[in-house]
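Chemist: This is the structure, below, for whatever I ask next.
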């Protein structure tokens, strides 16, 4: 009887700043299961461009000029940005770093 070998790998996804028109909403990441990781919002965006961070059924609305570090374990994550202002504006840089195992 053999035992399967597991390999742990890491990955980073960087969602660069993006210019949005008033009222524009863009989905940056469709729902994705994160086994163990961290979501970092750099706060380098405009305050009227908000990040809609969905972790399982919880929705967090974060202004683009706020720095956030959110650990995530065994949860589904999706990310969208929305310009709620009446002028164009930039979304913040968002980075997702996570580890995962493979057989």
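Chemist: Would you kindly calculate the translational diffusion coefficient of the chain, applying Stokes-Einstein with the Kirkwood radius from alpha carbon pairs, for 4 °C and a viscosity of 1.567 mPa s, and quote it in µm² s⁻¹ without decimals? Don't skip to the answer; put the middle values down first.
Modeler: On the way: Rh = 14.4 Å.
Approximately 90 µm²/s, per Stokes-Einstein.
Chemist: Please give the residues of segment 86-100, grouped as numeric ranges, whose backbone N is less than 20 Å from a label point set 7 Å along the Cα-to-Cβ vector of residue 29.
Modeler: 90-100
Chemist: Want the number for residue 21 to residue 69: 0.36 nm per residue separation, take away the alpha-carbon distance, what's left? The partial results should precede the final answer.
Modeler: Numbers: separation 48, 0.36 × 48 = 17.28 nm, distance 2.64 nm.
My answer for the length gained is 14.6 nm.
Chemist: Taking the simple approach of a point 7 Å from Cα along Cα-to-Cβ for both residue 60 and residue 86, what is their distance in nm?
Modeler: Each label point lies 7 Å from its Cα, and together they span 3.1 nm.
Chemist: As an exercise, use a Förster radius of 25 Å and the Cβ-Cβ distance of residue 95 and residue 6 to find the FRET efficiency, rounded to the nearest 0.05. The partial results should precede the final answer.
Modeler: Working: r = 25 Å, r/R0 = 1.02.
Between residue 95 and residue 6 the formula returns 0.45.
A short reminder: the numbers here are calculations on the coordinates, not readings from a lab. In this text, all values refer to a predicted model and were calculated from it rather than measured experimentally. We place every Cβ from the backbone using ideal geometry, glycine too, and count neighbours over all the protein chains shown.
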